[in-house]
Structures are given as C-alpha cells and as structure tokens.
Amino acid sequence: MRRKWVGGNWKMHGSRAMASALAGAIVEARNGHCDVAIFPPFPYLREACAACAGSQVMVGGQDLSEHETGAFTGEVSAAMLRDVGCGAVLAGHSERRQYHHETDAQVAAKVAQALEHDLAPVLCVGESLDEREAGQTAAVVARQLGAVVAHCGIAAFGRIVVAYEPVWAIGTGRTASPAQAQEVHALLRSQLARDDARIAGSTRIVYGGSVKPGNAAELFAQADIDGGLIGGAALQATDFLSICSAAG
Ligand code: 13P
C-alpha cells in the first residue's frame with residue numbers, strides 16, 4: 001500500500017508574512033496520514049522551514065540548478081536548498097519546461113542533483129493540449145519519464161515522486177477526469193514496471209491540474225493516483241488542508 005502524498009506548489013505567490021502564516025496553519029491543523037510538502041518561492045523558504053521545523057510537513061524548492069556550484073547567476077543549487085532546511089524539490093514543472101525551455105536532459109540532471117544531495121525529487125511530466133489532441137500523450141510522458149530512468153536508474157524511483165500534470169489542466173479549472181488521469185498514471189507505472197516491478201509498485205505517482213477540495217477525493221480514489229500536486233488551491237490553508245484530508 002502506497003502512502004499518499006500531497007504537495008502545495010505556491011508558484012510565484014505570497015510574501016514573508018503569508019509564508020509564515022500559511023505554513024504555520026498547515027502544521028497546526030495537519031494530523032492525517034498522508035505525506036505533505038509545501039513548495040514556496042525561494043525567498044520564503046526560511047520562513048516556511050522555520051514554521052515546519054519539527055513537524056511532519058516537508059518544505060521544498062520549486063526548482064534547482066542542474067549544476068553543483070559555480071558561475072550560474074540566478075540559479076539555486078541542491079546543496080543550498082538542503083542547507084536552508086529543504087527536504088524536497090520540484091524538477092521539470094511544465095512552467096519551467098515551457099517558459100525556460102528546460103529539456104528532458106536538463107530535468108534528468110536536476111533530478112540527479114537532488115538525489116545526490118538527499119532531496120526528494122518531484123519529477124513533473126505532462127502533455128500540452130496540442131499534444132493530447134494529436135494523440136501524443138502516451139509518447140510525451142513516456143519520453144519525459146524515460147529520460148530520468150535512463151539518467152538516474154530505476155532504483156532512484158524508490159525516492160522520486162512522479163507528478164503527472166497535463167499542461168491543459170493547470171490553472172485552467174479544467175481538471176483531467178479521474179479516468180483520464182488514471183489511464184496516464186497506469187501507463188507511467190507500467191513503464192517503470194518494465195524495469196523493476198517492485199519499485200514501480202512503490203513509486204508515488206500524483207496528479208496535478210486544477211485539483212480542488214471538491215474533486216480531490218474522486219481523483220485520489222483511482223488505483224494509480226497516489227495524491228496530488230496542488231497549485232491555486234494550495235494558497236488557502238482551508239482548501240489545501242481539505243485536499244490533504246481527502247488523501248488521508
Ligand atoms: P493548479 O492546481 O493551479 O492547476 O496548478 C497545478 C500545478 O501546476 C501544481 O504544480
């Protein structure tokens with residue numbers, strides 16, 4: 001039985017005060033059985049880590065450099081995230097792939113950096129609307145997942161959380177139906193199973209894209225949906241906590 005996982009990706013929202021208050025409210029109210037992580041913007045990681053210290057709520061970065069250290073202005077390394085108290089990090093979010101042209105190879109290198117520094121990587125994959133309409137969903141997510149399997153090895157998926165986030169469902173209010181999401185989650189799991197069935201059976205594959213308190217339970221009830229990566233609804237403690245409760 002896989003333990004459910006729920007993450008809150010705050011994207012570029014908030015303030016120091018909001019980060020402390022929101023992280024504090026989550027820590028105070030959280031008493032369930034799923035794993036919970038929050039991903040505030042870099043400048044607020046310290047506030048979030050302080051609020052979550054000693055709790056079960058993990059804090060993570062929204063991105064990391066694929067490089068260890070050096071002349072990479074504006075970048076943040078895995079070691080730095082670890083240094084300020086992070087335990088996780090997102091890699092390959094569609095907004096990074098789309099607006100910052102991150103390639104599958106870069107995303108794989110980022111996942112490797114995270115693993116090397118003991119950060120739990122959350123590998124984001126997902127197709128665009130054009131790709132879905134062209135019938136390329138399976139090929140796109142297989143390519144994105146395959147790049148990381150090839151670079152990091154199947155054993156790494158004992159520590160990686162995979163987030164399936166169809167780009168057309170992110171921030172649009174247009175959620176993938178539970179059946180649509182389940183279909184892709186099952187494909188991802190069977191791809192991992194071709195390399196190692198035991199690891200595939202234990203890898204958490206979570207869904208992201210317009211998850212709300214009203215649709216979370218139905219999504220999380222699918223056989224291969226092990227929780228969610230939440231954007232908009234992660235900015236309100238009551239909504240986020242209600243989604244966490246739907247996961248256990
Ligand atoms: P929304 O929940 O706002 O659709 O965002 C999903 C997401 O991108 C989480 O990483």
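The values are calculated or read from the model by the stated rules, or taken from the named source; none is laboratory data. Since we're looking at a predicted model, the values are computed, not measured. Neighbour counts run over all protein chains shown; Cβ positions are idealised from the backbone, glycine included. To get the accessible areas, we keep the full protein, side chains included, count just its heavy atoms, and leave off ligands, DNA and RNA. Shrake-Rupley method; radii C 1.70, N 1.55, O 1.52, S 1.80 Å.
At a 10 angstrom cut-off on C-beta neighbours, averaged per residue, how do the peptides 87-95, 110-118, 150-158 rank from highest to lowest?
On the way: 87-95: 24.0, 110-118: 20.4, 150-158: 16.2.
Final packing ranking: 87-95, 110-118, 150-158.
How many percent of the alpha carbon pairs in the stretch 23-151 exceed a separation of 26 Å? Walk me through the numbers on the way to the answer.
On the way: 2357 of 8256 pairs.
The share of Cα pairs beyond 26 Å in the stretch 23-151 comes to 29 percent.
In square nanometres and to one decimal, what's the mean projected area of the convex hull around the Cα atoms of the chain?
Across all orientations, the chain yields a mean hull projection of 12.0 nm².
Round to a whole angstrom and tell me the spacing of the C-alpha centers of the stretch 32-71 and the stretch 190-216.
Using only Cα atoms, the two centres lie 21 Å from each other.
Dipole size in debye (nearest 20) for the stretch 1-86 around its Cα centre, Lys and Arg Cβ +1, Asp and Glu Cβ -1?
400
Please report, as a whole percent, how much of the solvent-accessible surface of the stretch 1-144 comes from carbon and sulfur atoms (probe radius 1.4 Å).
Solvent-exposed carbon and sulfur of the stretch 1-144 make up 52 percent of the total.
In nm, give the distance between the simple-model label positions of residue 129 and residue 142, each being 7 Å from the Cα along the Cα-to-Cβ direction.
Roughly 2.6 nm, to one decimal.
Where the eigenvalues come from the Cα gyration tensor of the stretch 79-199, what are the semi-axes √(5λ) of the equivalent ellipsoid, largest first, in whole Å? Show your work: numbers first, answer last.
Details: eigenvalues 111, 62, 33 Å².
Three semi-axes, in Å: 24, 18, 13.
Please compute the per residue accessible area over the stretch 1-159 with all protein chains in place, 1.4 Å probe, rounded to a whole number of Å². Let's see the in-between values first.
Values: 7450 Å² over 159 residues.
Accessible area per residue, the stretch 1-159: 47 Å².
Return the long-range amide H neighbours of residue 208 (sequence gap of 5 or more, or a different chain), with a cut-off of under 5 Å between placed amide H atoms.
164, 165, 229
Between residue 218 and residue 12, 0.36 nm times their residue separation minus their Cα-Cα distance comes to what? Before the final figure, lay out the partial values.
Details: separation 206, 0.36 × 206 = 74.16 nm, distance 2.82 nm.
Net length gain for the segment: 71.3 nm.
Assign unit charges at the C-beta atoms only (+1 for Lys and Arg, -1 for Asp and Glu), then state the dipole size of the chain relative to its Cα centre in Debye, rounded to the nearest 20. Write out the running numbers ahead of the final one.
Details: 20 positive and 25 negative charges, 98 e Å.
Its charge dipole is roughly 460 debye.
Which far-off residues, 5 or more places away or on another chain, put their amide H under 5 Å from the one on residue 77, with H placed in the peptide plane?
HN-HN under 5 Å from residue 77: 65.
Among 136, 91, 57, flag the residue with its Cα farthest along the positive direction of the charge dipole of the chain, charges on Cβ as +1 for Lys/Arg and -1 for Asp/Glu.
57
Test of understanding: extend the Cα→C-beta vector of residue 183 to 7 Å, then name every residue of the stretch 122-138 with backbone N under 17 Å from that spot.
126-138
Would you work out the charge dipole size for the stretch 140-248 about its Cα centre, treating the Cβ of every Lys and Arg as +1 and the Cβ of every Asp and Glu as -1, and quote it to the nearest 20 debye? Each step should come with its number before you reach the end.
Working: 8 positive and 8 negative charges, 34 e Å.
Roughly 160 debye for the stretch 140-248.
Have a look at the stretch 139-248 and give its Rg and Dmax from the Cα atoms, expressed in angstrom.
13.9, 40
With 15 Å as the cut-off, how large is the P(r) tail for the stretch 1-56, expressed as percent of Cα-Cα pairs?
On the way: 691 of 1540 pairs.
Roughly 45 percent, rounded to a whole number.
Work out how much length residue 3 to residue 73 would gain on full extension: take 0.36 nm times their residue separation and subtract the Cα-Cα distance, in nm to one decimal.
21.4 nm
In terms of the ratio Rg/(2.2 N^0.38 Å) built on C-alpha atoms, what value belongs to the stretch 1-94? Mind showing how you got there, number by number?
Values: Rg = 13.4 Å, N = 94, 2.2 N^0.38 = 12.4 Å.
Against the compact-globule rule of thumb, the ratio is 1.09.
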